[in-house]
Amino acid sequence: MLGFNKNEWNIIEEYPALLAQKLLNDEIDIGLVPVAVIPLLKEYHIISDYCIGADNKVESVALFSEVEMDNIETVMLDYQSRTSVNLAKVLFKYYWKKDVKFVEASEDFRNHISGTTAAIVIGDRALEQLAISTYYYDLAKAWNNFTGLPFVFAAWVSNKPIDAEFAEAFNLATGYGVNHLEEVLAVNSFEHYSLRKYYTECISYPLTEDKRKGLALFLSYLEKI
């Protein structure tokens with residue numbers, strides 16, 4: 001994911017949770033950050049009409065295990081994401097209605113998915129894990145089944161007011177890639193999963209009214225866990 005520092009508008013690339021921490025620390029001014037960081041910010045502004053969301057299955061954010069849901073006892077939480085691990089906690093409590101032990105994961109945590117120990121895995125590693133684990137529970141699909149709403153994993157958020165002229169230009173820039181997916185696909189590949197399918201069927205980019213409703217509902221659940 002990306003973040004920006006206003007002094008020179010430098011682009012910073014980090015994994016989601018670290019980028020969120022930089023926004024909290026005021027080390028960056030704008031970030032494509034996990035939405036679970038929003039309640040922790042003293043001030044926030046969603047400054048783009050685009051997001052990282054899903055209307056149903058997302059494939060890259062999931063619970064992986066070697067046993068069925070009823071037999072899961074421990075869940076390792078991916079250290080790279082705030083939103084996904086909090087979504088998992090919401091789903092376990094209110095949708096699956098199951099008590100499990102949550103543990104913070106280390107870098108090699110996927111190697112420890114076995115027996116009654118499952119894991120939340122995100123990103124490229126989740127797409128790889130699809131071919132490895134016996135059981136897979138897509139968190140975006142579970143949220144949609146639970147609420148009837150799409151889910152927003154990350155949004156472009158600033159921690160201070162942004163100049164209106166810049167915000168308008170920024171919004172156009174963030175929409176450019178969405179409107180030129182064929183060009184993006186032409187220069188990118190991933191051996192474990194079809195990027196065409198991922199970009200066009202799994203990820204949903206427009207920050208629609210339904211997505212805003214889903215985001216507001218998720219943030220309300222965060223207050224309860």
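The values are calculated or read from the model by the stated rules, or taken from the named source; none is laboratory data. What you are looking at is a predicted structure, and each value in this text was computed from that prediction instead of being measured. Cβ placement follows ideal geometry from the backbone for every residue including glycine, while neighbour counts extend to all protein chains displayed. Surface areas here come from the heavy atoms of the whole protein model, side chains and all, with no ligands, DNA or RNA. Shrake-Rupley method; radii C 1.70, N 1.55, O 1.52, S 1.80 Å.
With Cα atoms defining each centre, region 116-134 and region 180-197 are spaced 21 Å apart in the structure. Per residue, the average separation of C-alpha pairs within less than 8 Å and at least 6 apart gives the chain a relative contact order of 31 percent.
Largest accessible area first, the residues ARG110, ARG212 order themselves as ARG212, ARG110 under a 1.4 Å probe with ligands, DNA and RNA left out.
Near GLY175: Cβ cut-off under 14 Å, other residues only, Lys/Arg at +1 and Asp/Glu at -1. The net charge is -3. Per-residue SASA remark: MET69, around 20 Å² accessible (1.4 Å probe; ligands, DNA and RNA not included). Ordered from largest to smallest accessible area (heavy atoms of protein chains, 1.4 Å probe), the residues ASP99, ASP49, ASP29, ASP70 come out as ASP99, ASP70, ASP49, ASP29. Taking each DSSP H run with n ≥ 4 as -39500 (n - 2.57) and averaging over every residue of the chain yields -9000 deg cm²/dmol at 222 nm.
Of the solvent-accessible surface of region 130-225, computed with a 1.4 Å probe over protein heavy atoms with every protein chain present, carbon and sulfur atoms account for 52 percent. Taken per residue, the accessible surface of the chain reaches 50 Å², heavy atoms only and a 1.4 Å probe. If I fit a long axis through the Cα atoms of helix 164-178 and take the longest principal axis of the Cα atoms of the chain, what angle between them do I get, 0 to 90°, rounded to 10? Helix 164-178 sits at roughly 50 degrees to that axis. Per-atom-type breakdown for region 16-113 gives carbon and sulfur 41% of the accessible area (1.4 Å probe, protein chains only). What chymotrypsin sites (Phe, Trp or Tyr not before Pro) does region 1-87 have in DSSP loop regions with at most 11 other beta carbons within 10 Å? Answer in residue order: TRP9.
Relative contact order, percent, of region 33-151 when contacts are C-alpha pairs under 8 Å separated by at least 6 residues? So the answer I get is 42 percent. Given a 1.4 Å probe and the protein chains as shown, VAL121 ends up with an accessible area of around 0 Å². Of the trypsin sites (Lys or Arg not before Pro) in region 1-94, the ones in a loop by DSSP (not H, G, I, E or B) with at most 15 other beta carbons within 10 Å are LYS6, LYS42. Computed over all pairs of different Cα atoms, the Kirkwood value for the hydrodynamic radius of region 65-193 is 17.2 Å.
GLU73 sits with roughly 110 Å² accessible to a 1.4 Å probe, with DNA, RNA and ligands left out of the calculation. Would region 166-225 count as rounded, prolate or oblate if I go by the C-alpha gyration tensor, calling it rounded below 1.5 in a/c and otherwise prolate when a/b exceeds b/c, oblate otherwise? Since a/c reaches 1.5 but b/c is at least a/b, the shape of region 166-225 is classed as oblate. Model label sites at TYR176 and MET69, defined 7 Å from Cα along the beta-carbon direction, differ in position by 4.3 nm. Sorted largest first by accessible area at a 1.4 angstrom probe radius, with every protein chain in place, the residues TRP143, TRP96 fall in the order TRP96, TRP143. Counted by Cβ distance under 13 Å from TYR94, the other residues give a net charge of +3, where Lys and Arg count +1 and Asp and Glu count -1.
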